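Below is one structure, written out as structure tokens; comments come after it.
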Amino acid sequence: MSTAFSVLDLAKQGDINAIATLIKNKLESKGIRVKFDCVQGDIKLFLESSQLGGKTVGDAVYKYVEASKFNLQSINYIKIYKTNEGRWKLVYRVEVEQKKTDNVIPLGANSPRAITAPQINGKTSDLLPLKQDLEQLHESVKTEINRLSEISSQLERVLQVLEPKIPSPEPVKTNQEPTELINWLEKLEIKVNSSNQPSASDDVLNQLADIIGNNYQNLSQLHQAIVQSICSRSPFHLNLSNSSQPEISQSTQLCNRLSRLSFLSTYHYNKNTRTISGQVDPQGQIINFFNGIWFERFIYHKITNLFNEYNLSYQCLINPKLEFANGNVFELDFLFWVNQQVLWVECKSGKNYNPTISTYENHRNSLELPKESSMMVLLQADTQQTGDLTTLRGLTIVNPDNCIDQIKQTLNLDS
């Protein structure tokens, strides 16, 4: 499966996250480092390194997506943000729907007229006027096509002249090499045996993770059915007859997407019974994704978006395997170095998280970290549960809804 093809294919089908990913890649190929976020039909582009104005970048971006023939029906605005005194500020926005309307070229006065198909009966000679009408219409259509083709060629030449000359400044590295983290661990006599590195599939997997995480209330039944089918090594069947329309719509949309990406080897939706049936592809990476890697990616994205929003430089070790002086080895989810301090984050998507809390309390003591800098994010716990667990245990327990507020408090970002 080619990841690059999958993203382009999704963009042409109107997937807003895929379109944003390709915009990001295009800008970075011009030397402009950028992060993006997609919210309620808006693509938000956060320029990390650009000497150009927001309007120049915004118009160039719109020209790119229009020329690429993406389906733009799902996009309302493309918004450009730049930092101002350490905060992101909206500097320009392109209204996509308005652009679509403005770019429609009206047909000229000689455009072919509309005709109504007559009843075809009677003698052959009676059809002669119809034949003549059709021949005239055919010639008019060909003339109009040639006229529009010439206009298109002229516009293409104008656009080439107006192509913005984007400089290539030295990129500002937000996610740096984790030298500070490694030095900090070495002082504790802890060795990093390995950690995960970025891969070509990250964009697709991150998009899937964001879709599941941002809509988990409506997708929880589907996710649980998939996880249970993985455990039983059998197909899953999910009856949504008593579910809300958003649950049905988002579940079928996600399954269609998973099927296109070969995450599901089989998929069928019965509209009459409102039942989803499918089989997860047994590939190890896909199994791991559904069993919890998606949740790690979702939380990582939320946290790094926060750092980018506050223009914070950070380092991160992803899934590092740490070896202590006594030879014990264990794997963490994320270690961040930000604001001259360490932030440790663990993610648990299952309900059986209690046995792991004691283990991580011991790890926290080995890492010599304060409680507020040692976080466990639980998918299956409400705010009351996380508050009670934080009070009783030696870790800061949060969920996806309150983890960002807790990190802001730990890093003193709103003080």
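For the reader, a short list of remarks on this structure follows.
- Thr359/His138 FRET efficiency (R0 60 Å; Cβ-Cβ; nearest 0.05): 0.20
- Under 24 Å from Lys348, Cα to Cα: lysines that are on another chain or at least 8 residues apart: Lys302, Lys321, Lys371, Lys408
- Rounded to 0.05, the FRET efficiency of the Arg260 and Glu189 pair, given R0 = 51 Å and the Cβ-Cβ distance, is 0.60.
- Alpha-carbon centroids, the range 25-72 and the range 292-362: separation in whole Å: 30 Å
- Full extension of the chain between Ser220 and Lys55 yields a length gain of 55.3 nm, computed as 0.36 nm times the residue separation minus the alpha carbon distance.
- Counting charges near Arg393 (Lys, Arg +1; Asp, Glu -1) among other residues having Cβ under 12 Å from its Cβ returns a value of 0.
- Estimated inter-spin distance, Gln340 and Gln385, nm [label 7 Å along Cα→Cβ]: 3.9 nm
- Glu177/Asp202 FRET efficiency (R0 22 Å; Cβ-Cβ; nearest 0.05): 0.80
- Note, ³J(HN,Hα) from phi for the range 203-213, Karplus 6.51, -1.76, 1.60, rounded to Hz, x at Gly and Pro: 4, 5, 5, 5, 4, 4, 4, 5, 4, 5, x
- Reach of Lys142 by Cα under 16 Å, taken over aspartates and glutamates that are not fewer than 8 positions away in the same chain: Asp133, Glu150
- Extension gain (nm, one decimal) between Thr273 and Ser241, 0.36 nm per residue minus Cα-Cα: 10.9 nm
Throughout, read-outs are computed from the coordinates displayed, never taken from laboratory work. Because the structure is predicted, anything quoted here is derived from the model rather than measured. We place every Cβ from the backbone using ideal geometry, glycine too, and count neighbours over all the protein chains shown.
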